[in-house]
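Chemist: The structure follows.
The values are calculated or read from the model by the stated rules, or taken from the named source; none is laboratory data. Note that this is a predicted model, so its numbers are computed, not measured. Reconstructed Cβ throughout: ideal geometry from the backbone, glycine too, with neighbour counts over all protein chains shown.
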Ligand SMILES: [Zn+2]
């Protein structure tokens, strides 16, 4: 009898292992060997294209605060930028229709010959973040110089995101010069206040919605090829299929206060500290098993060791282990769940006064599988066990729900995959979640296929330049952008 039980346990274990191995071996994403072929890119005079980018970088289209809109007094750099585009891209400006929306955001329309086709929309933004004055001396070249040295052009906007505008218009100017006429209408959406989560792009999307425009595909900034991503030998072409939402909550703790010579038990600060420890311990739910996260790991699976694939393809058994391990690595943790980040703390104003009110401000980046209401309810449930502690929406600042998730099994995604593969010279295309916010989020209102990808290849060091010191773009990457956009535009007809 015991022997029989022993045999059947062994055979169950063998069967389970077999299932797990089969799952491991069949755990993969799209077949990258038959991605669509790309048309030939445009030919470019690099020197003059660089000169135009340099002029664009020199214009200080700096946005600083949300709720501090660009008024007539501050608008000159944007107006100069519009004039620069008009002057430097005469063919584009006589062929495409340009409209100014929300005063300084730009919408271009390149009418396609077949008006029954839904358009392609390319997005980029005109504004840049300021430079921290204390870091000015750390720049190899001034941040608004556009100086070129050793194959790099320096300055704000070279990576984020003016170079995209210049590259798109370079591509279009060159395509028009060779008499290219698209079948599918092309829209260009260049917002003026993306860096402060402004309303320019949103206004253009609303205008397009009122005209019943529903792009077949939208491409904005957000991701690129990374050639030295931790855990991968080869380059990885991250294609953003969704972006996280953003909400900030105040956790408030109230108590009687009084003199610090007679401290009460469970003062406001202590109660707040307990509440913070509790939300740190009880994180928002993991979405390791969601389709979006699984698609990411399926796509990168050929780059993973057998053991990693074994664990990731069998989350029905391994999710406890994996969640524990992912939660300890910030980049993986951010990928699978809504993150919880206590940022500001206030309590008493004097060293010998017990606070009547202590407050922690906590910033959440909401996973696409969650929403702000779920976050609020979760935090409220966790902190309500502590007397005197309550949760409140912060009244000012940015608030955004996470975006919907665009498909990664359609033609649009395969075209971007081909572009990523070519950009990174064999990069593996991967559907990924963008952790920060972009203007692309608005476009989900009018399109099901919204993606975030710029045809450039960065190292982790390059990425540090975005919003940081020594923001710079290699001439090679600038060319890759122009070529990539010219190919994307031509591919629109193949969709
Ligand atoms: Zn940007």
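Per-residue answers, yes or no, for (1) within 15 Å of the ligand (Cβ to nearest atom); (2) surrounded by fewer than 19 Cβ atoms within 10 Å (Cβ to Cβ); (3) not assigned by TED's automatic domain parsing to the domain that holds residue 194:
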position: 422; (1), (2), (3): no, no, no
position: 427; (1), (2), (3): no, no, no
position: 430; (1), (2), (3): no, no, no
position: 438; (1), (2), (3): yes, no, no
position: 448; (1), (2), (3): no, yes, no
position: 455; (1), (2), (3): no, no, no
position: 466; (1), (2), (3): yes, yes, no
position: 469; (1), (2), (3): no, yes, no
position: 475; (1), (2), (3): no, yes, no
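Chemist: Moving to a separate point now. Looking only at region 175-187, which residues are surrounded by fewer than 22 Cβ atoms within 10 Å (Cβ to Cβ) and in contact (Cβ under 8 Å) with a residue 24 or more places away in the chain?
Modeler: Answer for region 175-187, where residues must be surrounded by fewer than 22 Cβ atoms within 10 Å (Cβ to Cβ) and in contact (Cβ under 8 Å) with a residue 24 or more places away in the chain: 176, 177, 178, 180, 181, 182, 183, 185, 187.
Chemist: Ok, one more. Checking the conditions here, which among 479, 488 is within 28 Å of residue 142 (Cβ to Cβ), assigned to a helix (DSSP H, G or I) and in the same structural domain as residue 168 (by TED's automatic domain parsing)?
Modeler: When all the criteria are applied, what remains is 479.
Chemist: Is it the case, given these coordinates, that residue 69 is within 16 Å of the ligand (Cβ to nearest atom) and either part of a helix (DSSP H, G or I) or surrounded by fewer than 21 Cβ atoms within 10 Å (Cβ to Cβ) (or both)?
Modeler: So residue 69 fails the test.
Chemist: In region 127-138, is there at least one residue being buried (at least 24 other Cβ atoms within 10 Å of the Cβ), at pLDDT 95 or above and touching a helix residue (DSSP H, G or I) at 6+ places or on another chain (Cβ under 9 Å)?
Modeler: Yes: one or more hits.
Chemist: Name the residue that is farthest from residue 223 (Cα to Cα), counting only residues in region 148-160 that are in contact (Cβ under 8 Å) with a residue 60 or more places away in the chain and more than 14 Å from the ligand (Cβ to nearest atom).
Modeler: Across region 148-160, the extreme among qualifying residues is 148.
Chemist: Here is a list of conditions, (1) in a helix (DSSP H, G or I); (2) at pLDDT 95 or above; (3) in contact with a helix residue (DSSP H, G or I) (Cβ under 8 Å, 6 or more places away or on another chain), and residue 334 meets all of them except one; can you say which number that is?
Modeler: In the conditions (1) in a helix (DSSP H, G or I); (2) at pLDDT 95 or above; (3) in contact with a helix residue (DSSP H, G or I) (Cβ under 8 Å, 6 or more places away or on another chain), residue 334 misses (3) alone.
Chemist: Identify, by number, the condition in (1) away from the ligand (no atom under 16 Å from the Cβ); (2) under 19 Å from the mean Cα position of the chain (by Cα) that residue 184 doesn't meet.
Modeler: Just one mismatch for residue 184, condition (2).
Chemist: State yes or no: is residue 60 under 27 Å from the mean Cα position of the chain (by Cα), surrounded by fewer than 22 Cβ atoms within 10 Å (Cβ to Cβ), free of Cβ contacts under 8 Å to residues at least 24 places away in the same chain and under 25 Å from residue 197 (Cβ atoms)?
Modeler: no
Chemist: May I ask you to say which residue of 171, 163, 167 is surrounded by 23 or more Cβ atoms within 10 Å (Cβ to Cβ) and either in a loop (DSSP other than H, G, I, E, B) or away from the ligand (no atom under 16 Å from the Cβ) (or both)?
Modeler: 171
Chemist: Report the residue count in region 187-242 for those that are under 16 Å from the mean Cα position of the chain (by Cα), farther than 21 Å from residue 480 by Cβ and away from the ligand (no atom under 14 Å from the Cβ).
Modeler: Adding up the residues that qualify gives 2.
Chemist: Within region 381-395, take every residue that is under 32 Å from the mean Cα position of the chain (by Cα) and not in a loop (DSSP other than H, G, I, E, B) and give me the one that is modelled with the lowest pLDDT.
Modeler: 393
Chemist: A further question follows. Can you find a residue that is within 16 Å of residue 400 (Cβ to Cβ) and surrounded by 14 or more Cβ atoms within 10 Å (Cβ to Cβ) anywhere in region 375-384?
Modeler: Looking through region 375-384, at least one residue is within 16 Å of residue 400 (Cβ to Cβ) and surrounded by 14 or more Cβ atoms within 10 Å (Cβ to Cβ).
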